[in-house]
Every structure is written in structure tokens, then in C-alpha cells.
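S.K.: Okay, handing you the structure first.
The values are calculated or read from the model by the stated rules, or taken from the named source; none is laboratory data. Bear in mind that the values here come from a model prediction, so they are computed numbers and not experimental data. Cβ placement follows ideal geometry from the backbone for every residue including glycine, while neighbour counts extend to all protein chains displayed. Surface accessibility is based on the protein's heavy atoms, side chains included, excluding ligands, DNA and RNA. Shrake-Rupley method; radii C 1.70, N 1.55, O 1.52, S 1.80 Å.
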Amino acid sequence: MSGKIVKVSGPLVVASGLADANMSDVVRVGPQHLIGEILTMKGDTASIQVYEETSGLGPGADVLTTGAPMSVELGPGMIEGIYDGIQRPLEKIVEKVGPCITRGVEIPALDYEKKWDFVPVAKPGDKLVGGDVLGTVQETEVVLHKIMVPPLVKGTLVSIESGLHTVKDDIAVLKTEDGKEVKLQMAHKWPVRVGRPYKQKFPPRRPLCSGQRIIDTLFPIAKGGTAAVPGPFGSGKTVVQHQLAKWSDVDIVIYIGCGERGNEMTDVLREFPELKDPRTGESLMKRTVLIANTSDMPVAAREASVYTGITIAEYFRDMGYDVAVIADSTSRWAEALREMSGRLEEMPGEEGYPAYLASRIAQFYERAGSVQCIGTEERTGSLTAVGAVSPPGGDLSEPVSQATMRIVKVFWALDSALAYRRHFPAINWLTSYSLYLDSLKPWYDENFGPDFMIDRTRAMSILQNEASLNEIVQLVGKDALSPADQITLEVARMIREDFLQQNAFTDVDGYSSYDRQEKLLAMVLKYEDLCRDAAAKGASVADLFNIPSREKIGRAKSVLPEEYETEYAKIEAEMTAEISELAAKGEVA
């Protein structure tokens, strides 16, 4: 089917003569065959969202329909790949046309020439359904790529071939119930706007260990959960997301740079290949897929990039892996929706965003979850979605932040005041929350005993008490407070500076294990208990705050990972002896 352009308005192209086309079909626009997607149909006239620069296009140019919806190609070769928003491999494009990417470049998402060593798992005669594993390919040193039967295909396996094959070679033949033979390759396509099927979705049971103390201890996210990181410019959204991508205990990371600045994506491209994965010892890129659609790339493609990323993530989830999708940032995606909605002359919602903004955001986040994968073999996989939100001026009352807050279960609110004080991660402990605490409590109790959650509740209580005491301090000064309140302020300062504050750019403090977090927090709270006992016996509060071991607690987070257990026990013993000595002097006095 071909039609003719009748109107061009930025990324929106209107074409007539497309009576047989369908909504969401991919089209090729103009002499350069620019990639577009049909948004609405009215008679034989289609409104098309073009994912490339449309300057130079005019009425009368041809529009060709492909008859297929916007899809991604799924198969071996995606790991370590760098794609744009519509899954075009950027490295291959650079090889073909140079660093200045021209319009209309057509390069397949997967390498059709590269041969992969396919090891069959299924045998001829096996009855297979969608999601069953045909065989495996060792894609990288750390990722075993499972070649699965496409979700909507089922039948009896007639033949299967091992050995070296490209992703387009026929590796198996399946006979369906109606007698037709279906040839299967290592790669298949899936429409990005349709979630891949699963058998059952489970409630979250395990936390996602990120190595960030404020996240893991105070505001944990579950595997298969959803989280938002809102914050103004310069408050550290991107660094928080980089930390999650680097250190989270997931098998695969899909990092979507959606409309962020190019230098932030450059940081990822430079750092990830050099970083050693703490679990495997290999480069972090060996389990990462990058989707780069930076702020100088076409605005319309930002919408596609989010769906492309989550569809690739669902594919790896279906293999039984734990996958994290890091989207930076969903506000840029919402701005692309706003632009297209305005050009389509739709009735605007709040602040010019489309009225369906909340439902689009919900459609993205609801594709996260811990699921039982399709297929006869029982396997579970999880998809965790973390999206940054960039509200103008840090105003959390704007529509994107509010729509996201209604959907996600974890909210890490970044605070510009903390960022200006160089307190990073700048997550505000008074405005952030996690709704997974109750469902994760059994896991914490089983692995660390009930003390972990008790200590966490105590720490939050101390920080909240500090906020109310600070108002009194501003009026009458710190010295006018009772010894008990002075101890509360000092311990809150220790929790803030010695526990929550974390340096993302040092090897020792960049990642903190659960065990280390538990011991460090327990030591700070034990200091509080000992100080309160000593103060009750007459010890001077100033002396209690100036003991030598108090400074050692402040430096405890920089102790090497292999030494922290013995070092923490040593500090705790010194602290107990020093405070006991002051308490004894107080009693004598």
C-alpha cells in the first residue's frame, strides 16, 4: 500500500490513500524512507509519527506501509549492543555512514552475518508450546541466551540442528496441530506496544540489593517492583540510576537514555566497559543493553525508546532472568507525548500534557513484575522498572510526577537542598517512601533476624524527631535542649553523615552489602543506647560526643570490604569501654 503526503508538521505527517493500513503500522515516508508509525486513522487518511528529522519533506511524497506494527527483533547479539530509540544499532550505523548519522539508514537490529554456536536442548518428537527452550547460545561470558519457541507458536518438534548458525538460519522445524510445518530461527520479532505473555504474576517477595544504604535499608525496592526517582536538575538522578545499573543483583540491565543529555550517555558508555561486575568479575557491559535516544536525537523516537527497552527486558525475563529497566527520564518521554498530542490537535489535559498521560505511564510500569514464565518447564523471572522524573524546578505537583506517584510503589524523592550540601545520594528521608516494607519483612526476618527491621524503624524515628527538634534549635539554640534531645540530634547526624551519605565514586563506599549495612546501623544505634545510659548516670554529653571511637564510627564506611567485620567489632569494643569509663566518672561525681 502506498499513499501521498498531504501535510507535514514537524514529526507529524498526514498522508491520504492508505485505506487498508492499520493503526500502529510502521510506514516508510518520503524518498529517504524515513521510519514512521501510524497514530490515528480517519477514512483513508493517516496521521503518522515520524521517528526521524522531517525537514525537506513536502506534500505529494510517497508513503509506503509495511503492514506490520512497530516491533523489535529479539535474539542473540543484543547484549553489549547500543541501539537508538527504534532499535537501530548505532555502532553499525557509524561504520556505514560515519559519525554524522544520516536519515533513512536501514540496518538490521541483529548481526545477520555472525554465527552462534547453538546447543539444542529439545529433541525431535517433543511437544512444545510458546516459551519452551529449543536450545542455548553462550552470548557473553555471563549470559546464556536461551532460544525459545515464540509465544504464539506450538506443535511437535520435527527436527533441530546444532552447530554454528546465523540468527536467520532455520534451526528447527515444528509441526502444528493442523499439519503445517513452521520453520524456527534463533531470532523472532515482537510488537513493542504489546506486553509479552506470562502464566502468573507473583506478589514481590525478595528485595533488589542495590548496595546503596538509604535504598536497601530505608526504602527498599522488590525484585519485580516499580520505583521513581524524581528530582530537580543537579540533584543526582542520573548517578542514582547509574549506581542501580552497576550494582543491583540482577542478571540483565536495560539502560534507556530517553532524552537526557549526550554527556550522561557518554559516561555510561565509558564507565560500564571498565567496571568489573562484583558477581562475575567480568565487564559490566557483558550483561547490559543500552538504548541511547539523547536530547539531540528526534523527539518523537523518545516514546518508542521506552517501549523498545521494556520489550527487550520482557524477552530476557521470559528466559527466567532477573532484569532491571532503568529509564532516564520518563519526563522526556511525556514531553514527546505532549508534542505529538498538540500537533494532532487533541484536547489538552493539565499543563498541556495529553489527557491519557497517566494511562500511558501506567501501561509502562505495569509491565514490571515477578512472573512465572510461559512454557512447560517451570521458571520464574522478574522485571524491575526504575524511572527518573525531571519535574521543572523540582516541583513534584506537576502532572508527570503525580501520575507516576499514583502508580509506582517506591518513591525516592531527591532534594536540591541536600545536593547543595553535597549530601549524596540526595534522597530526602522525610518525603520518600517504600510500600514494599510489609511484603519484604519476612525475607529480612529470615535472613537477618527481626533486629534489621527494628533498627530500620528506629533510625527513621530518630530522623523524624530530628526534624521537629530542629525547629526548637532555631529558636533557642542547641545548648538549651535537654541531654536526651542533644543525644537524639547527635545520633541523627551520625545516621545522616556516617550511614546514609555514600560516595558513588570510591570503590569501597560505592557498594555496601546488606550485612555491612546492618552492622554499621546497629553500631550507631548501640552508641545511642550507651550514651543514654551514661547520661542518666551523670556523664557529660559533650564528653560522650568527643570520645575517640566516635570519629572511628564516622570513618567506618571507608574500611575495606574484607576487613569490616573485625574492624567494626573492634570499634564497638572500644566505644563500649570509653563510654563505660565516662559513666563511672559521672556516678562518682
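S.K.: Show the residue pairs meeting these rules: Cβ distance below 8 Å; 6+ apart or different chains; first residue within the range 386-414 and within 19 Å of Pro425 (Cα to Cα) and of a type in the set (Ser, Thr, Tyr); second residue open to solvent by less than 10 Å² (accessible area, probe 1.4 Å) and not in a loop (DSSP other than H, G, I, E, B).
M.R.: As it stands, the answer is Ser390/Pro230; Ser390/Ser331, since those pairs meet every condition given.
S.K.: What strands (runs of 3 or more DSSP E), lying completely within the range 92-164, carry at least 1 residues that are closer than 30 Å to Gly281 by Cα? Give the derivation first.
M.R.: Numbers: elements: 116-120, 133-138, 144-148, 155-160.
Once the strands (runs of 3 or more DSSP E) in the range 92-164 are filtered for at least 1 residues that are closer than 30 Å to Gly281 by Cα, what remains is 116-120, 133-138, 144-148.
S.K.: Same structure, new question: Tell me yes or no: at least one residue of the range 49-62 is surrounded by 16 or more Cβ atoms within 10 Å (Cβ to Cβ), within 32 Å of the chain's Cα centre (by Cα), modelled with pLDDT of 90 or more and assigned to a strand (DSSP E or B).
M.R.: Yes, the range 49-62 has at least one match.
S.K.: Which numbered condition in (1) open to solvent by less than 60 Å² (accessible area, probe 1.4 Å); (2) within 26 Å of Ser401 (Cβ to Cβ) is the only one that Asp445 fails?
M.R.: (2)
S.K.: Step by step: first the residues of the range 182-210, then only those that are of a type in the set (Lys, Arg) and part of a loop (DSSP other than H, G, I, E, B), then the one that is nearest to Val240 (Cα to Cα). Which residue is that?
M.R.: Applying the first criterion (of a type in the set (Lys, Arg)) to the range 182-210 yields 183, 189, 193, 196, 199, 201, 205-206.
Restricting the remaining residues to those that are part of a loop (DSSP other than H, G, I, E, B) gives 193, 196, 199, 205-206.
Numbers: Arg193: 28, Arg196: 29, Lys199: 33, Arg205: 23, Arg206: 21 Å.
Once the filter is applied, the top-ranked residue is Arg206.
S.K.: Just to check your reading of the model, which residue among Gly259, Gly225 is touching a Ser or Thr at 6+ places or on another chain (Cβ under 8 Å) and either modelled with pLDDT of 90 or more or open to solvent by 10 Å² or more (accessible area, probe 1.4 Å) (or both)?
M.R.: Just one listed residue meets the conditions, Gly225.
S.K.: Let me ask something else. Does Val408 qualify as being assigned to a loop (DSSP other than H, G, I, E, B), open to solvent by less than 30 Å² (accessible area, probe 1.4 Å) and within 20 Å of Leu218 (Cα to Cα)? Let's see the steps before the verdict.
M.R.: On the way: assigned to a loop (DSSP other than H, G, I, E, B): yes; open to solvent by less than 30 Å² (accessible area, probe 1.4 Å): yes; within 20 Å of Leu218 (Cα to Cα): yes.
When the stated conditions are applied, Val408 passes them.
S.K.: When you look at Val386, is it crowded, with 24+ Cβ neighbours inside 10 Å and within 30 Å of Val133 (Cβ to Cβ), yes or no?
M.R.: Numbers: crowded, with 24+ Cβ neighbours inside 10 Å: yes; within 30 Å of Val133 (Cβ to Cβ): yes.
Against the criterion (crowded, with 24+ Cβ neighbours inside 10 Å and within 30 Å of Val133 (Cβ to Cβ)), Val386 qualifies.
S.K.: Go through the residues of the range 269-286 one by one and say whether even a single one is surrounded by fewer than 18 Cβ atoms within 10 Å (Cβ to Cβ), of a type in the set (Val, Ile, Thr) and farther than 20 Å from Phe364 by Cα.
M.R.: yes
S.K.: Just give me the residues in the range 534-548 being outside any helix (DSSP H, G or I) and either small (Gly, Ala, Ser) or open to solvent by 50 Å² or more (accessible area, probe 1.4 Å) (or both), in sequence order.
M.R.: We begin by selecting, within the range 534-548, every residue outside any helix (DSSP H, G or I); these are 537-540, 546-547.
Correct list: Lys537, Gly538, Ala539, Ser540, Asn546.
S.K.: I would also like to ask the following. I need a count of the residues in the range 165-181 that are of a type outside the set (Asp, Glu), closer than 24 Å to Tyr198 by Cα and part of a loop (DSSP other than H, G, I, E, B).
M.R.: 1
S.K.: Test each condition in (1) within 15 Å of the chain's Cα centre (by Cα); (2) within 23 Å of Thr294 (Cα to Cα) for Val408 and report the one that comes out false.
M.R.: Result: Val408 passes all but (2).
S.K.: Among the residues of the range 364-383, count how many are open to solvent by 60 Å² or more (accessible area, probe 1.4 Å) and either within 19 Å of Lys146 (Cα to Cα) or without any contact (Cβ under 8 Å) to a residue 24 or more places away in the chain (or both). Walk me through it before giving the result.
M.R.: Here is the first cut: in the range 364-383, the ones open to solvent by 60 Å² or more (accessible area, probe 1.4 Å) are 366, 376-378, 380.
Imposing the further condition that a residue be either within 19 Å of Lys146 (Cα to Cα) or without any contact (Cβ under 8 Å) to a residue 24 or more places away in the chain (or both) reduces the set to 376-378, 380.
Counting residues in the range 364-383 that are open to solvent by 60 Å² or more (accessible area, probe 1.4 Å) and either within 19 Å of Lys146 (Cα to Cα) or without any contact (Cβ under 8 Å) to a residue 24 or more places away in the chain (or both) gives 4.
S.K.: Can you tell me which residue is least open to solvent (accessible area, probe 1.4 Å) among those in the range 343-363 that are of a type outside the set (A, V, I, L, M, F, W, C), touching a Gly at 6+ places or on another chain (Cβ under 9 Å) and over 18 Å from Ala304 (Cα atoms)?
M.R.: Across the range 343-363, the extreme among qualifying residues is Gly352.
Each row is one residue, and each column tells you yes or no for (1) closer than 22 Å to Ser248 by Cβ; (2) part of a helix (DSSP H, G or I).
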position: Ala358; (1), (2): no, yes
position: Ser370; (1), (2): yes, no
position: Glu377; (1), (2): no, no
position: Ala403; (1), (2): no, yes
position: Leu418; (1), (2): no, yes
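S.K.: Now for a different question. Under 9 Å between Cβ atoms, which residue pairs at least 6 apart in sequence (or on different chains) link something in the range 165-185 that is among the charged types (D, E, K, R) and modelled with pLDDT of 90 or more with a partner that is in a loop (DSSP other than H, G, I, E, B) and open to solvent by less than 30 Å² (accessible area, probe 1.4 Å)?
M.R.: These pairs meet every condition: Lys168/Leu110; Lys168/Met186; Lys168/Ala187; Asp169/Met186; Lys183/Ile171.
S.K.: Report, by residue number, each residue of the range 375-391 that is of a type in the set (Val, Ile, Thr) and touching a helix residue (DSSP H, G or I) at 6+ places or on another chain (Cβ under 7 Å).
M.R.: We begin by selecting, within the range 375-391, every residue of a type in the set (Val, Ile, Thr); these are 376, 380, 384, 386, 389.
If the condition is that a residue be of a type in the set (Val, Ile, Thr) and touching a helix residue (DSSP H, G or I) at 6+ places or on another chain (Cβ under 7 Å), then Val386, Val389 are the ones that fit.
S.K.: In the range 286-301, what count of residues is obtained for those that are closer than 9 Å to Asp84 by Cα and assigned to a helix (DSSP H, G or I)?
M.R.: Residues in the range 286-301 being closer than 9 Å to Asp84 by Cα and assigned to a helix (DSSP H, G or I): 1 in total.
S.K.: Restricting to the range 557-585, count the residues that are of a type in the set (Gly, Ala, Ser) and crowded, with 19+ Cβ neighbours inside 10 Å. Lay out the reasoning, then the answer.
M.R.: Taking the range 557-585 and keeping what is of a type in the set (Gly, Ala, Ser), we get 558, 569, 573, 577, 580, 583-584.
Imposing the further condition that a residue be crowded, with 19+ Cβ neighbours inside 10 Å reduces the set to 583.
Here the count works out to 1.
S.K.: Is there a residue in the range 192-209 that is surrounded by 17 or more Cβ atoms within 10 Å (Cβ to Cβ), at pLDDT below 95 and over 19 Å from Val371 (Cβ atoms)?
M.R.: yes
S.K.: I've got another one for you. So, Gly43, is that one out of contact with any Gly (no Cβ under 9 Å at 6 or more places or on another chain) and under 23 Å from Ser341 (Cα atoms) or not?
M.R.: For Gly43, the condition - out of contact with any Gly (no Cβ under 9 Å at 6 or more places or on another chain) and under 23 Å from Ser341 (Cα atoms) - is met.
S.K.: Just give me the residues in the range 316-336 being over 24 Å from Lys223 (Cα atoms) and open to solvent by 10 Å² or more (accessible area, probe 1.4 Å), in sequence order.
M.R.: Listed by number, the residues that qualify are Arg332, Glu335.
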